[in-house]
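Working notes, structure below.
The values are calculated or read from the model by the stated rules, or taken from the named source; none is laboratory data. Computed from a predicted structure; not experimentally measured. All Cβ positions, even for glycine, are placed from backbone atoms using ideal geometry, and neighbour counts span all protein chains on display. The accessibility values were calculated without ligands, DNA or RNA, using every heavy atom of the protein model including side chains. Shrake-Rupley method; radii C 1.70, N 1.55, O 1.52, S 1.80 Å.
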Amino acid sequence: MDVFEAIRTKRAVRRFAERPLPEDATRAILNAGRQAQSSKNSQPWQFIAISDRATLKQLAECGTYAGHLAGAALGVALVAPETDPEMRPWIMFDIGQAAAHMQLAAWELGIGSCIATIYEPEKAREVLGIPADHRLDVALSFGYPAADVQLDRPPRPGGRRSYDEVVHQNRW
């Protein structure tokens, strides 16, 4: 699959088959995140790969829309250092790039994913043993899509704004 096809066809998958991921797929996904670009090559991330079902269920309770983590074969917590508030947006941008790399790599392997916002970071810190000088704002769920997930359906009408609505040439 080429990158443009992966971007065009990628879907958020929130329901997963009860099937573990092979170790080589897990490593490929995590390695894709590790290889993402970052501001000044700072690589501010740490990844916690979670396959323990009880831990995934606990983490799923740390965000209003994080329930899909409970059914995932793999959860990945994207952990970043606590930092000066002025640097926070750049670190989150870098974390987002790592997340996108992991999700696209998974999609190429036939593995679905979805992002989860962690609204209770202190609870997540306890669940995962995250040091006090780091924080967790987002996690990803990964797994083979459940049989009833319709991956080949066309995008919904109005699902994405048109090119002309979002692209401006040279000036607004």
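Brief remarks on what is shown
- Looking across segment 128-148, the residues that are over 19 Å from A28 (Cβ atoms), in contact (Cβ under 8 Å) with a residue 12 or more places away in the chain and in contact with a strand residue (DSSP E or B) (Cβ under 9 Å, 6 or more places away or on another chain) come down to L128, I130, D133, H134, R135, L136, D137, V138, A146.
- Subset tally (residues that are in contact with a Cys (Cβ under 9 Å, 6 or more places away or on another chain) and in a loop (DSSP other than H, G, I, E, B)) for segment 12-26: 2
- Selected residue [under 13 Å from the mean Cα position of the chain (by Cα) and in a helix (DSSP H, G or I)] from L104, L56: L104
- Selection of segment 27-52 for residues being within 19 Å of A146 (Cβ to Cβ) and either assigned to a helix (DSSP H, G or I) or out of contact with any helix residue (DSSP H, G or I) (no Cβ under 9 Å at 6 or more places or on another chain) (or both) yields only I29.
- Only one entry in C114, C62 is part of a strand (DSSP E or B) and open to solvent by less than 30 Å² (accessible area, probe 1.4 Å), namely C114.
- Residue list for segment 65-83, restricted to those being open to solvent by 10 Å² or more (accessible area, probe 1.4 Å), farther than 17 Å from G112 by Cα and touching a Leu at 6+ places or on another chain (Cβ under 8 Å): none
- If you filter segment 1-11 down to residues that are open to solvent by less than 80 Å² (accessible area, probe 1.4 Å) and part of a helix (DSSP H, G or I), you find that the one that is farthest from G112 (Cα to Cα) is E5.
- Counting residues in segment 84-93 that are within 20 Å of T9 (Cβ to Cβ), open to solvent by 30 Å² or more (accessible area, probe 1.4 Å) and at pLDDT 95 or above gives zero.
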